[in-house]
Every structure is written in structure tokens, then in C-alpha cells.
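Have a look at the structure below, then the notes.
Just so it is clear, none of the values below were taken in a lab; they were calculated from the coordinates. Bear in mind the structure is a predicted one, so any value in this text is a computation, not a measurement. Cβ placement follows ideal geometry from the backbone for every residue including glycine, while neighbour counts extend to all protein chains displayed.
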């Protein structure tokens, strides 16, 4: 779409626009995320055809597995509390630019523990393997609303919603925090849908202090 066919729009089964992104961003994301063989294999699994009742029913069934920005964005009115933290963590662990502390959680996705590093300092949410003692450098994330927040249309708010990924020293420890990786909500949602949609989030289990 676009006057120069340089934009991509994603729709739900009722033709509601879920997301609009530049075609160059889609290409860049695919090149960073998939090898040539993986890309060829993925393309081979995609079929495009005209709509009929049978295809429409299949599409609606499959669409239930598609993660939307509304389900992750706190101000959408459709936030799914069972998905938002899992989506943030899944991306932090599996993205190609994950730092060592985030990448190290990959084998522990099914048993993670979250805790605030320093609640009185507006610090980020920390994650660690469930059985470890919080006394070192831990994978940490924060999220930020757009500066002009509620003054923007909802879709722009969602497009500008930021996640920051880094590693931070737990209070009582010492040493420098890691560099910060900042991404926007569309990149996180697209990454998860490319990996398999909501179903991949079933591999993430997060326990908090309230679960004790």
C-alpha cells in the first residue's frame, strides 16, 4: 500500500487494521531474524487464495493465535494480563540482539521468577531462574509511554510504546549495568507472531512474590 507501495498493513478477520509499518522495516526485520533457509521454508508454508466460507472460517480460527498490540498495550482497554509480561520476556530472551543475561534465561523460560530491583527508585522488573538467589546481574526490562501519551490516537500510542531491555545489578551487588536495547511494541508483536503467535508464549512461566 502507499503511493509508492512502500507500506505494509496487517488486518484482522473483520478487515480492521491491526498495524501499519514501512515495507523496509519488514524486510530489515526478516533479514535480522531469519536465515535464508528459514525464510525460504517460511514462505513455502504461506498460501494465499480468494475468500470463501471455508477459508474464512479457517482464518478466524487461526486469528485467535495472532498476538495484537491491544493485548500488550496497557492503555488499550483490551490488555491481556496473561500475555503482556510473557510477550516482553519472550522477546527479551529470543531476539537476535539479546544480551548475555537475557540470552542465559532461554533454558529457564518455563521457570522464571520476577521481582522489582528497587521499587522506590522506579527501577525495572528483573527476571531470574526460579531457584537462584537475587544477588547479581539480572535481566531487566522497563516500558515507557509516548511523551504526549493520551494526546495521540491509540494506534500511534501503541506504535510508540517502548520496551527497554538491559541487565542491572540487584541492590547489594556491585558493578555496571549493561547497555540498553530499546524497541517498540510493533517489533515485539511482529517477532512473536513470526515465531508462532500466542502459542509460543505458553513456554514462558513467570512466578512473582505474590505467588509464594
Additional length obtainable on full extension of the chain from residue 208 to residue 116, 0.36 nm per residue less Cα span
32.2 nm
Gained length - residue 180 relative to residue 79, 0.36 nm times residue gap less alpha-carbon distance:
33.8 nm
Relative to the present Cα-Cα distance, how much length would full extension add between residue 7 and residue 151 at 0.36 nm per residue of separation?
49.4 nm
Based on the Cβ-Cβ distance of residue 17 and residue 164, what FRET efficiency does E = 1/(1 + (r/R0)^6) give at R0 = 41 Å, to the nearest 0.05?
0.90
